[in-house]
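Here the structure comes first, spelled out in structure tokens, and everything after it is commentary.
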Amino acid sequence: MNYWLMKSEPSDYSIDDLMKDKRTPWDGVRNYQARNFMRDDMQQGDLVFFYHSNTKEPGVVGLGTVCSKPYPDKTAFDKKDKHYDPKSNREAPRWILVDVCYKSKCKTTLTLEQMRKDKKLQKLLVLRPGNRLSVTPVKEREAKYILSLI
């Protein structure tokens, strides 16, 4: 099993939305490295740390699982969608996604500030200066430690 941290702004899609929907396509990712993680490395059953970004208290707010194989992100083909990419086409899609299924909501948020102060989490990619990726891998030892905190 692999572990992933997937960021979403709660004003766009929150852990409460995922709890209600039970399953969602993780669409709109327009970074090649994040896309490659989804396309090449994610597997069904992988654990997802659902992270709220761009909010008063960013942090891990819940858990999900990768519940599909990678497939083309249809929002790239829709001219009316904010994630439309005129360079992507159905024959050779540029953007890929996976579905994420709801697992649980944290009782309390594991905040970005708490993660920054915790020496056991210092190597998380989300903590690197300048990191803006919406999808990042989490090493098993950090994942198990995060699970013990939430």
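The values are calculated or read from the model by the stated rules, or taken from the named source; none is laboratory data. Because the structure is predicted, anything quoted here is derived from the model rather than measured. With ideal geometry, Cβ positions are generated from the backbone for all residues, glycine too; neighbour counts draw on all protein chains shown.
Table: residues versus (1) under 22 Å from Tyr13 (Cα atoms); (2) buried (at least 16 other Cβ atoms within 10 Å of the Cβ).
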| position | (1), (2) |
| --- | --- |
| Lys80 | yes, no |
| His83 | yes, yes |
| Arg94 | no, no |
| Leu97 | yes, yes |
| Cys106 | yes, yes |
| Gln114 | no, no |
| Lys120 | no, no |
| Lys123 | no, no |
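Note on region 58-78: residues that are assigned to a strand (DSSP E or B), over 15 Å from Tyr13 (Cβ atoms) and in contact (Cβ under 8 Å) with a residue 40 or more places away in the chain total 4.
Count of region 1-42 residues, restricted to those that are among the charged types (D, E, K, R) and farther than 13 Å from Gly62 by Cβ, is 9.
Please work out which residue is farthest from Ser53 (Cα to Cα), limiting yourself to region 1-15 and to residues that are out of contact with any Ser or Thr (no Cβ under 6 Å at 6 or more places or on another chain) and part of a strand (DSSP E or B). Break it down stepwise before answering.
Residues of region 1-15 that are out of contact with any Ser or Thr (no Cβ under 6 Å at 6 or more places or on another chain), as a first pass: 1-4, 6, 8, 11-15.
Next, from what is left, pick out any that are part of a strand (DSSP E or B): 3-4, 6, 8.
On the way: Tyr3: 18, Trp4: 15, Met6: 10, Ser8: 6 Å.
Top of the filtered list is Tyr3.
Condition first: exposed (fewer than 13 other Cβ atoms within 10 Å of the Cβ) and either aromatic (Phe, Trp, Tyr) or more than 29 Å from Ser148 (Cα to Cα) (or both). Can you find one or more residues in region 15-35 that meet it? Checking region 15-35: at least one residue is exposed (fewer than 13 other Cβ atoms within 10 Å of the Cβ) and either aromatic (Phe, Trp, Tyr) or more than 29 Å from Ser148 (Cα to Cα) (or both).
For region 88-104, check the following and say yes or no: at least one residue is assigned to a strand (DSSP E or B), touching a residue at least 12 places away in the same chain (Cβ under 8 Å) and under 18 Å from Tyr145 (Cβ atoms). Steps first, please.
Taking region 88-104 as the starting set, the residues that turn out to be assigned to a strand (DSSP E or B) are 96-97, 99-104.
After this cut, where a residue has to be touching a residue at least 12 places away in the same chain (Cβ under 8 Å) as well, the list is 96-97, 99-104.
Cutting the leftovers down to under 18 Å from Tyr145 (Cβ atoms) gives us 103-104.
Scanning region 88-104 turns up at least one residue that is assigned to a strand (DSSP E or B), touching a residue at least 12 places away in the same chain (Cβ under 8 Å) and under 18 Å from Tyr145 (Cβ atoms).
Taking region 16-40 as the range and being over 15 Å from Ser134 (Cα atoms) and not in a loop (DSSP other than H, G, I, E, B) as the test, the residues that pass are Asp16, Asp17, Leu18, Met19, Lys20, Asp21, Arg23, Thr24, Asp40. As a summary of the residue check, Tyr84 satisfies the conditions (1) free of Cβ contacts under 8 Å to residues at least 24 places away in the same chain; (2) assigned to a strand (DSSP E or B); (3) among the aromatic types (Phe, Trp, Tyr) except for the one numbered (2).
Does Glu142 satisfy being outside any strand (DSSP E or B), charged (D, E, K, R) and buried (at least 18 other Cβ atoms within 10 Å of the Cβ)? Criteria met by Glu142. Checked against (1) modelled with pLDDT under 95; (2) within 13 Å of the chain's Cα centre (by Cα), Tyr51 passes all but a single condition, namely (1).
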